[in-house]
Amino acid sequence: MATRTDAPTRREQILKEAARLFAERGFHGVGVDEIGAAVGISGPGLYRHFPGKDAMLAELLVGISGQLLTGARRRRAEADGDPAEAVLDSLIEGHIDFAIDDRPLITLHDRELDRLRDSDRKLVRQLQRQYVELWVEVLRAVYPDLAEPAARSAVHSVFGLLNSTPHLGRPGALPGRATTAELLHRMARGAFEAAAASGRPAGA
């Protein structure tokens, strides 16, 4: 989930192309030489940056999980003192940036997570749990009557909604980025409001 404006490093270029190719063809359908060709270096040259494809996959999936958590913590800290709804909106915006800009990583996570070593897979899950719990805390600050299990279910449901972007067609076939982001944001807020309403007493 890039927010940088400077040029990507060679290592970052390799990871970006590896994510794209793995998502398009599957992990086993891509060779080191193809990844190298995509960034303009020889296949063996990749080994100066990564010991192999497994290391690329691990860095991609562990990396994005860590970036999402770090970004969410930063957004919450920057919104310190703001209304809880503003913090929630900021979290949604951050996840939408990821869902639109890093679509190959969503596909990669869905298809290839089980290929990671146990230690890397456990780390991904640990980072994801922390990310979810941060959202649950913010969501319940907005909707205090929403029980914790219901809030957690709502967060997972909204992630499923936002992470559906790889199924929306080719990037060029989507509406403009701003339009897509606005639509996803409205849908996420609507889902959270529906979850909160379902837990309110009748007439409340």
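The values are calculated or read from the model by the stated rules, or taken from the named source; none is laboratory data. All of these numbers come straight from a predicted model, not from anything done at the bench. FYI the Cβ positions are ideal-geometry reconstructions off the backbone, even for glycines, and counts take in every protein chain you see. The area values use the complete protein model at the heavy-atom level, side chains included, leaving out ligands, DNA and RNA. Shrake-Rupley method; radii C 1.70, N 1.55, O 1.52, S 1.80 Å.
Restricting the search to helices (runs of 4 or more DSSP H) fully inside the range 94-189 and requiring at least 1 residues that are without any contact (Cβ under 8 Å) to a residue 12 or more places away in the chain and more than 20 Å from L61 (Cα to Cα) gives 118-142, 148-162.
Here is a check on your reading of the model: is R20 open to solvent by 70 Å² or more (accessible area, probe 1.4 Å) and touching a Pro at 6+ places or on another chain (Cβ under 8 Å)? Yes; evaluated as a whole, the condition is true for this residue. Residues of the range 88-130 that are buried (at least 17 other Cβ atoms within 10 Å of the Cβ), of a type in the set (S, T, N, Q) and over 14 Å from the mean Cα position of the chain (by Cα): S90 alone. Set side by side, the residues L88, L21, L61 differ, and just one is in contact (Cβ under 8 Å) with a residue 40 or more places away in the chain and closer than 16 Å to L113 by Cα, which is L61.
Run down L105, L68, L61 and say which single residue is within 24 Å of W135 (Cα to Cα), at pLDDT 95 or above and touching a Phe, Trp or Tyr at 6+ places or on another chain (Cβ under 6 Å).
Selected residue: L68, the only one of L105, L68, L61 that is within 24 Å of W135 (Cα to Cα), at pLDDT 95 or above and touching a Phe, Trp or Tyr at 6+ places or on another chain (Cβ under 6 Å).
Annotation: of all residues in the range 173-193 being open to solvent by less than 70 Å² (accessible area, probe 1.4 Å) and farther than 18 Å from H95 by Cβ, the one that is modelled with the highest pLDDT is G176. I need the full set of residues from the range 39-56 which are open to solvent by less than 60 Å² (accessible area, probe 1.4 Å), at pLDDT below 90 and either closer than 25 Å to D114 by Cβ or not in a loop (DSSP other than H, G, I, E, B) (or both), in order please. G45, L46, listed by residue number. Scanning the range 57-87 for residues that are open to solvent by less than 40 Å² (accessible area, probe 1.4 Å) and either of a type in the set (K, R) or out of contact with any helix residue (DSSP H, G or I) (no Cβ under 8 Å at 6 or more places or on another chain) (or both) gives no hits. G29 satisfies every condition listed in (1) open to solvent by less than 50 Å² (accessible area, probe 1.4 Å); (2) within 30 Å of W135 (Cβ to Cβ); (3) more than 17 Å from the chain's Cα centre (by Cα) except (2).
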